[in-house]
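**Student:** Please see the structure below; I have some questions.
Every read-out reported here was derived from the displayed coordinates using simple, explicitly stated rules and does not represent laboratory data. All of these numbers come straight from a predicted model, not from anything done at the bench. Ideal geometry is used to build each Cβ from the backbone, glycine not excepted, and the neighbour counts take in all protein chains shown.
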Amino acid sequence: MAVSQEVGQRLRDRIYDAIRDLVERGKLQPGQRLTETHLAARFGVSRTPVREALFQLAREGLLEPLERGYGFSEMPMPALLARLDVKSILDPVVVVNVVESASSKEIAHISALADEARRLLLCEPSSFVSASAVHGLQKHLATVCTNQVLARCFSAAEDDFLAARPLLLRAERNRLMTADYLEALAQHLTTRDAASAEAQTRTHIASLAESCRMQL
């Protein structure tokens with residue numbers, strides 16, 4: 001790869017990460033518009049890497065193409081339910097893999113991430129902040145999963161869920177259910193109880209889906 005191409009890719013990745021960070025921290029609100037010109041000036045780069053980053057984020061469903069630029073819009077409930085259907089397939093299998101293959105050190109780290117996410121779910125008023133913590137936990141599960149094909153699919157699905165989770169966690173019922181699930185998951189990971197971890201994960205996602213259907 002030519003040097004100029006490498007530099008362009010690094011710039012695109014930097015801008016991509018920066019915009020995603022804005023969403024994860026709740027700094028990008030529904031209705032707010034992003035333009036290539038504004039972002040290029042903000043980051044001191046040309047419009048090309050900005051355009052590439054925005055296009056990738058739109059492909060992942062995090063941003064929505066508008067007449068002029070891109071925006072972050074709330075995900076419709078049917079689209080959220082479709083993503084939960086995918087998670088109901090992938091998440092339980094990943095959890096089993098992690099329980100059976102992760103080292104004791106990795107299990108301890110995952111449990112700590114689960115505890116922190118649970119604390120935020122119970123105490124932090126912003127659904128964006130708690131959603132970011134849960135997202136971080138999920139992405140770490142992907143790095144620990146030893147089935148690399150499964151891990152890539154799971155990570156991609158989790159990235160696609162990034163825009164959906166703040167909406168999902170806006171309801172107090174869903175926040176409490178997720179907090180209870182994370183507490184149980186940490187316990188099952190520590191005791192290496194793969195069957196219970198799998199069942200708990202399936203039940204949790206099914207409960208979230210039912211809660212969402214009640215809002216339709």
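**Student:** Please state, rounded to one decimal and in Å, the Kirkwood hydrodynamic radius that the stretch 100-155 gives when every pair of distinct Cα atoms enters the mean of 1/r. Kindly include the intermediate steps, with their values, before the conclusion.
**Tutor:** Numbers: mean 1/r = 0.0838 Å⁻¹.
Radius from the Kirkwood sum: 11.9 Å.
**Student:** What's the angle, to the nearest 10 degrees (0 to 90), between helix 127-144's Cα axis and the longest principal axis of the chain?
**Tutor:** 70
**Student:** What length, rounded to one decimal in nm, is gained on full extension from Ser211 through to Arg119, with 0.36 nm per residue of separation minus their alpha-carbon distance? Can you show the working numbers first?
**Tutor:** Numbers: separation 92, 0.36 × 92 = 33.12 nm, distance 2.16 nm.
Computed gain between Ser211 and Arg119 is 31.0 nm.
**Student:** Still on this structure, please answer the following. How much length is gained on full extension from Glu172 to Thr143, taking 0.36 nm per residue of separation minus their Cα-Cα distance?
**Tutor:** 7.5 nm
**Student:** To continue, here is another question. Given an 8 Å cut-off on Cα distances and at least 6 residues of separation, report the relative contact order of the chain as a percent. Could the numbers behind the result be given before it?
**Tutor:** Working: 252 pairs, mean separation 53.5, N = 216.
About 25 percent, as a whole number.
**Student:** What net charge is computed for the residues neighbouring Val45, neighbours being all others with C-beta under 13 Å from the C-beta of Val45, Lys and Arg scored +1, Asp and Glu -1?
**Tutor:** Net charge around Val45: +3.
**Student:** Where does the charge balance sit around Leu167 when Lys and Arg score +1, Asp and Glu -1, over other residues with C-beta under 11 Å from its C-beta? List each step's numbers first, then the result.
**Tutor:** Numbers: positive: Arg83, Arg165, Arg170; negative: Glu74.
Here the charged neighbours net out to +2.
**Student:** If you scale each eigenvalue of the Cα gyration tensor by 5 and take the root, what three semi-axes come out for the chain, rounded to whole angstrom and sorted largest first? Let's see the in-between values first.
**Tutor:** Details: eigenvalues 200, 88, 44 Å².
For the chain, the semi-axes come out at 32, 21, 15 Å.
**Student:** Report the gain in length on full extension from Arg152 to Ser126: 0.36 nm times residue separation, minus Cα-Cα distance, nm rounded to one decimal.
**Tutor:** Working: separation 26, 0.36 × 26 = 9.36 nm, distance 2.89 nm.
Additional length available on full extension: 6.5 nm.
**Student:** Follow-up question, since we're still on this one. With r as the distance between the Cβ atoms of Arg68 and Phe43 and R0 = 22 Å, compute the FRET efficiency 1/(1 + (r/R0)^6) and round to 0.05. Write down the numbers at each step before the final one.
**Tutor:** Values: r = 19 Å, r/R0 = 0.86.
Once the sixth-power term is evaluated, E becomes 0.70.
**Student:** Could you order peptides 104-112, 159-167, 177-185, 56-64 by the average number of other Cβ atoms within 10 Å of their residues, highest first? Write down the numbers at each step before the final one.
**Tutor:** On the way: 104-112: 14.6, 159-167: 21.6, 177-185: 19.8, 56-64: 17.8.
So the peptides 104-112, 159-167, 177-185, 56-64, ranked by packing, come out 159-167, 177-185, 56-64, 104-112.
**Student:** A further question follows. Provide the net charge surrounding Ala209, with neighbours chosen by a C-beta distance below 15 Å and charges set as Lys +1, Arg +1, Asp -1, Glu -1. Can you show the working numbers first?
**Tutor:** Working: positive: Arg83, Lys87, Arg165, Arg173, Arg202, Arg213; negative: Asp85, Asp91, Glu210.
Local net charge: +3.
**Student:** Sorted by average packing, counted as other Cβ atoms within 10 angstrom per residue and highest first, what order do 139-152, 194-207 take? Can you show the working numbers first?
**Tutor:** On the way: 139-152: 15.3, 194-207: 17.1.
Ranking the peptides 139-152, 194-207 by packing returns 194-207, 139-152.
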